Amino acid sequence: MVRVPVDRTGRVDAAAFGAALRESGSPEGGTALACLQSANHEVGTEQPVEEVAGFCAEAGVPLLVDAAQSLAWGPVPGRWSLLAASAHKWGGPGGVGLLAVRKGVRFAPLSSGGRAGVGALPGFADLPAIVAAAASLRAVRAEADAEAARLRALVDRVRAEVPALVPDVEVVGDPVRRLPHVVTFSCLYVDGEALLHALDRAGFSVSSGSSCTSSTLIPSHVLRAMGVLSEGNVRVSLPPGTAEADVDAFLAVLPEAVREVRAQLRAPSGAPPVVNRRGPGGRGGREGRKGRRVRRRGRRAGDRGPRPRGGAHRRLPRQAVPDPGDRAGEGDRPGAGGRHGTAARRRRGGPAGRPGLVRDARSRVPGRAGPRLPGAPQRLTPAAPGSPPGADPRRGARAQARQARTSAAASSP
């Protein structure tokens with residue numbers, strides 16, 4: 001399958017389409033079927049069906065045209081081979097499809113309808129729905145020219161005023177060769193689904209992308225193929241009979257709806273400002289140097305240990321806090337050195353592996369040794385086994401043993 005690219009307005013180049021066709025009997029194999037929309041459902045751009053049909057006729061390739069969006073506004077030009085449409089697009093009964101096969105085109109249905117059917121599809125035809133679809137198309141076509149001119153003027157107004165009312169908006173689609181009732185624009189810093197809900201609360205029903213992709217959250221493949229902004233997309237379709245007052249009301253509520261969505265997403269209301277954090281001139285500037293000094297000083301005076309996640313450094317109150325390393329048996333395990341290991345506990349004056357409070361009150365994070373403050377709570381450790389009476393219980397086991405040997409040597413004759 002070969003995909004023919006489109007330009008930024010969503011229009012395919014007829015010459016590029018013709019170059020992608022391969023005639024039957026070529027070494028690469030001939031093209032079995034060419035497909036083209038008469039007008040895009042999402043942005044409303046009309047395609048060069050007549051020119052493409054001429055290239056297909058020269059190459060002997062049948063052309064299938066999807067005319068669901070444009071058939072209500074007029075006939076599809078060109079020598080196309082097959083044409084498909086849907087009755088609900090022009091107000092007919094839902095569930096009725098239309099397939100027109102030009103005379104001389106060989107068409108082999110996938111299934112046979114039998115003697116009672118139409119020959120192309122199985123079962124019986126829904127004649128009342130078919131008649132209603134044909135009658136509604138005839139009635140819509142009778143007023144199509146006048147209604148198209150009136151709606152085109154309203155769409156032109158929307159295309160012109162939306163970029164003036166809302167910053168950072170791109171109106172997409174061909175401004176001239178387009179359907180008369182569809183206008184599409186994309187808003188920067190806006191989620192399309194959130195904007196739809198905001199406009200729905202204001203009483204306006206719009207869509208984001210085409211109805212074929214309304215159940216997905218992926219960006220529009222049509223807008224991506226055009227190379228335009230694909231986020232925050234809004235598609236406005238004016239049905240026949242839309243009054244000018246309705247367009248006035250929509251243009252009045254749209255700017256506030258966009259501001260509301262951008263505020264919820266904490267997005268800028270316009271273009272993001274450029275901030276020079278180093279002061280005037282890039283590297284110079286007194287304010288920039290002062291700001292750097294203040295930040296460095298704050299790091300020196302603050303916590304030197306592991307930085308807490310998700311916020312700035314804050315000094316903890318000067319109070320005795322439980323030592324996270326003083327848990328029973330933790331200091332005796334192999335390799336438990338460093339801040340909370342056996343040597344650290346002995347330096348602080350307590351036996352290894354005993355729970356208790358940190359002897360020195362800390363002004364920073366738990367587990368960091370800090371200056372001893374007057375009146376700070378002390379950890380009371382029982383005297384080591386075999387220590388002489390009167391041994392200082394706050395001293396470590398090794399210090400108490402040395403005190404016991406010194407006392408024994410002093411008492412010997």
Subset of region 152-168 that is in contact with a strand residue (DSSP E or B) (Cβ under 8 Å, 6 or more places away or on another chain) and open to solvent by 30 Å² or more (accessible area, probe 1.4 Å) - its residue that is farthest from ASP248 (Cα to Cα): ASP168
Residues satisfying the stated conditions in region 56-72, i.e. surrounded by 19 or more Cβ atoms within 10 Å (Cβ to Cβ), in contact (Cβ under 8 Å) with a residue 40 or more places away in the chain and either in a loop (DSSP other than H, G, I, E, B) or not aliphatic (A, V, I, L, M) (or both): VAL61, PRO62, GLN69, SER70
Inter-residue pairs, beta-carbon under 6 Å, first under 15 Å from VAL171 (Cβ atoms) and in region 183-199, second acidic (Asp, Glu) and open to solvent by 10 Å² or more (accessible area, probe 1.4 Å), 6+ apart: SER186/GLU170; LEU188/ASP168
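Considering only residues that are open to solvent by 60 Å² or more (accessible area, probe 1.4 Å) and of a type in the set (A, V, I, L, M, F, W, C), which ones fall in region 40-55? Before you say what the answer is, go through the steps one by one.
Residues of region 40-55 that are open to solvent by 60 Å² or more (accessible area, probe 1.4 Å), as a first pass: 46, 50-51, 55.
Correct list: PHE55 only.
Residues checked against (1) modelled with pLDDT of 80 or more; (2) surrounded by 12 or more Cβ atoms within 10 Å (Cβ to Cβ):
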position: LYS103; (1), (2): yes, no
position: LEU121; (1), (2): no, yes
position: PHE124; (1), (2): no, no
position: ALA134; (1), (2): yes, yes
position: LEU137; (1), (2): yes, yes
position: ALA142; (1), (2): yes, no
position: ARG150; (1), (2): yes, yes
Among (1) out of contact with any Asp or Glu (no Cβ under 7 Å at 6 or more places or on another chain); (2) under 18 Å from ARG11 (Cα atoms); (3) in a loop (DSSP other than H, G, I, E, B), the one test that LEU229 misses: (1)
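Can you go through SER220, SER205, SER214, SER237 and tell me which one is at pLDDT 90 or above, of a type in the set (Ser, Thr, Tyr) and more than 16 Å from ALA39 (Cα to Cα)? Give the steps one after another, and end with the answer.
Working: SER220 fails: at pLDDT 90 or above; SER214 fails: at pLDDT 90 or above; SER237 fails: more than 16 Å from ALA39 (Cα to Cα).
Answer to the check: SER205.
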Filtered residues of region 73-90 (kept if in a loop (DSSP other than H, G, I, E, B), surrounded by 15 or more Cβ atoms within 10 Å (Cβ to Cβ) and out of contact with any Lys or Arg (no Cβ under 6 Å at 6 or more places or on another chain)): VAL76, GLY78, TRP80
Any hit, region 157-178, residues being among the small types (Gly, Ala, Ser) and touching a Ser or Thr at 6+ places or on another chain (Cβ under 6 Å): yes
The lone exception for SER205 - which of (1) free of Cβ contacts under 8 Å to residues at least 12 places away in the same chain; (2) on the phi > 0 side of the Ramachandran plot it fails: (2)
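When the residues of region 181-203 are narrowed to those that are assigned to a helix (DSSP H, G or I) and open to solvent by 50 Å² or more (accessible area, probe 1.4 Å), which ends up nearest to LEU154 (Cα to Cα)?
The first filter runs over region 181-203 and keeps only residues assigned to a helix (DSSP H, G or I), leaving 192-201.
Adding the requirement that they be open to solvent by 50 Å² or more (accessible area, probe 1.4 Å) leaves 193, 197, 200-201.
Working: GLU193: 25, HIS197: 23, ASP200: 20, ARG201: 23 Å.
In this case the residue turns out to be ASP200.
The values are calculated or read from the model by the stated rules, or taken from the named source; none is laboratory data. Everything quoted here is computed from the prediction, not taken from an experiment. All Cβ positions, glycine included, derive from the backbone under ideal geometry; neighbour counts span all protein chains shown. Just the protein is used for accessible areas: all its heavy atoms, side chains included, with ligands, DNA and RNA removed. Shrake-Rupley method; radii C 1.70, N 1.55, O 1.52, S 1.80 Å.
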